[in-house]
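This report concerns only the one structure given below.
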Amino acid sequence: MSHFSYKDGVLCAENVPLTQIAQQFGTPTYIYSKAALVENFSSYADACKKHGRNEETALVCYSVKSNSNLAVLNVLGKLGSGFDIVSGGELLRVLAAGGSPRKVIFSGVGKSREEMQLALSHDILCFNVESIPELHRLNAVAGEMGKLASVSLRVNPNVDAKTHPYISTGLKDNKFGVAYEDALTTYRVAAALPNISVTGIDCHIGSQLLDDAPLLEAVDKLIELIDTLANEGIAIHHLDIGGGIGINYDNDKPVAVGDYLSRVFAKIDAWRAKNHQDTPIKVLFEPGRSIVGNAGVLLTEVQYIKHGETKNFAIVDAAMNDLMRPAMYEAWHGVQPVLQRELAAQTYDVVGPVCESGDWLARSRELTIQQGDLLAIMSAGAYGMTMSSNYNTRGRAAEIMVDGASAHLIRKRESAADLFALESLLP
């Protein structure tokens, strides 16, 4: 996390000390680095340009579910990003942030009629369809609106991503996509529907992949299927290979984005040359975590130091409702004291105030801290705020975007009154 570093013994986001942010905005607070967002997105965009792709032949569609703050979406949209959404609400966020609906792809297994109507009314780029019943519903909704719905089928290639089972999405027993063996039949159904336009093929096999071998295996299977479809007279105009590239949480060594994309484009170019294809196929990507994960931290204050018989606890004001990943996945996040102190290190479990034994953020960490100190929970930019909740009637954290020497409030902290504003008493 190169944009979070110590300066004069204080952890900073770019050029802003986290102590200053805590004093001005309180804790717990999510803090994002604009420079990190730009750098991470550019790793994809620059790799596309390096291989001769422009916006007509390659589109990076940021996965909104990883971090959907309007300021984050706005920064990425200005860089030329498209957007991968999984709900109507996410589409409205993209539009509110100034994003183009013509760069939006709509994924997800359970799209409602209302969500389809919303997306069609804004003329989005494509629906990633995941079942035959969804095809029939989309065809009916498009027909009622006098629209033609552009679709790609999310094909489940049965490739093991070798990641956590909760974030593995490309195996036969996952709920996502159309089974590879059923893809041809499903494409035939789609091609026969009057209000459906088949434009692409899509897959997404999982998240936090450190090795790109499973992703490249999935690309091979999609290319094979595109050739089969061509023999049926079904033309595919774009190839969406999903996201999934991991980040460094705990000395992880994820594949470099540029290296991965080089291998993807090499495969595609070799396939096109073999088939003597003059018309380029557009390539879409759906990265989320690899763009925003290491662009953010969760800032929290130590409320108490509690020494137990077998464990020491650092009880902080952030909790599982703020950062669900440790409780849900037993996920690892680095923990760094904001102030570097000359104290003897002790081993702590970093836990929150929520009334659940599962409310922990980090276990068995060597820390030099005392009551009142600030801690930064690292690599928290992805699936932190978006998975947060109001459990125990806790308002969700504030969000800050740092740009050089300036810290901007991009989401106010929720108050208790905000949480029950939509509720009412019986008459």
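Derivation of every value follows stated rules applied to the coordinates shown; laboratory data play no part. Remember, it's a predicted structure, so these values are computed and weren't measured experimentally. Using ideal geometry, Cβ is built from the backbone for each residue, glycine included, and neighbour counts are taken over all protein chains shown.
Hull volume per residue, based on the alpha-carbon atoms of the stretch 317-370 and their convex hull, is 82 Å³. Quick one: Karplus J couplings for the stretch 219-229, per residue in order, coefficients 6.51, -1.76, 1.60, θ = phi - 60°, nearest Hz, x for Gly and Pro? After applying 6.51 cos²θ - 1.76 cosθ + 1.60, I find 4, 4, 5, 5, 4, 4, 6, 4, 5, 4, 5 Hz. The C-alpha atoms of the chain define a longest principal axis, and helix 132-145 lies at about 80 degrees to it.
Once backbone amide H atoms are built at 1.01 Å from N, A179 has N156 as its partners under 5 Å, excluding neighbours fewer than 5 places away on the same chain. Note down the nm distance, to one decimal, between modelled labels 7 Å out along Cα→Cβ at A140 and at E366. Computed distance between label sites A140 and E366 equals 6.3 nm.
Any of K34/K267; K34/K282; K111/K253; K253/K274; K7/K65; K253/K306 with alpha carbons more than 31 Å apart? Name them for me. Please report the intermediate quantities before stating the final value.
Numbers: K34/K267 33 Å; K34/K282 28 Å; K111/K253 36 Å; K253/K274 34 Å; K7/K65 33 Å; K253/K306 35 Å.
Distance filter (> 31 Å) returns K34/K267; K111/K253; K253/K274; K7/K65; K253/K306.
Per-residue ellipticity at 222 nm, computed for the chain from helices alone with -39500 (n - 2.57) per DSSP H run of at least four residues, works out to -9000 deg cm²/dmol.
3J(HN,Hα) along the stretch 415-420, derived from phi through the Karplus expression 6.51 cos²θ - 1.76 cosθ + 1.60 where θ = phi - 60°, amounts to 9, 4, 4, 4, 6, 10 Hz, with x in place of Gly and Pro.
Given the C-alpha atoms of the stretch 29-167, compute the convex hull and give its volume per residue in Å³. Don't skip to the end; give the middle numbers.
Values: hull volume 20.2 nm³, N = 139.
Convex hull volume per residue, Cα atoms: 145 Å³.
Close amide H partners of I196, meaning residues 5 or more places away or on another chain with modelled amide H under 5 Å apart, are A149. Distances between every pair of Cα atoms in the stretch 34-289, grouped in 5 Å steps from 0 to the bin holding the largest one, split as 1, 6, 14, 18, 20, 19, 13, 7, 2, 0, 0 percent. From least to most packed, judged by other beta carbons within 10 angstrom and beginning with the fewest, T19, T279 follow the order T279, T19.
Among DSSP beta bridges lying fully in the stretch 34-289, give the percent that are antiparallel, nearest 5. Walk me through the intermediate numbers first.
Details: 1 of 30 bridges.
Bridges in the stretch 34-289 that DSSP calls antiparallel: roughly 5 percent.
Let me check against my output: what whole-number percent is the relative contact order of the chain, with C-alpha pairs under 8 Å and at least 6 apart? Here the relative contact order equals 19 percent. Percent of Cα pairs in the stretch 165-280 per distance bin of 5 Å, from zero to the largest separation: 2, 10, 19, 21, 18, 15, 9, 4, 2, 1, 0. Mean separation of Cα pairs under 8 Å and 6 or more residues apart, divided by the residue count, gives the stretch 34-289 a relative contact order of 19 percent. Once the Cα-Cα distance is subtracted from the 0.36 nm per residue extended length, the K78 to R113 segment shows a gain of 9.5 nm. DSSP assigns beta bridges within the chain; of those with both partners inside it, close to 50 percent run antiparallel.
Using Cα centres only, tell me the gap between the stretch 262-322 and the stretch 1-16 in whole Å. What the calculation gives is 21 Å, centre to centre.
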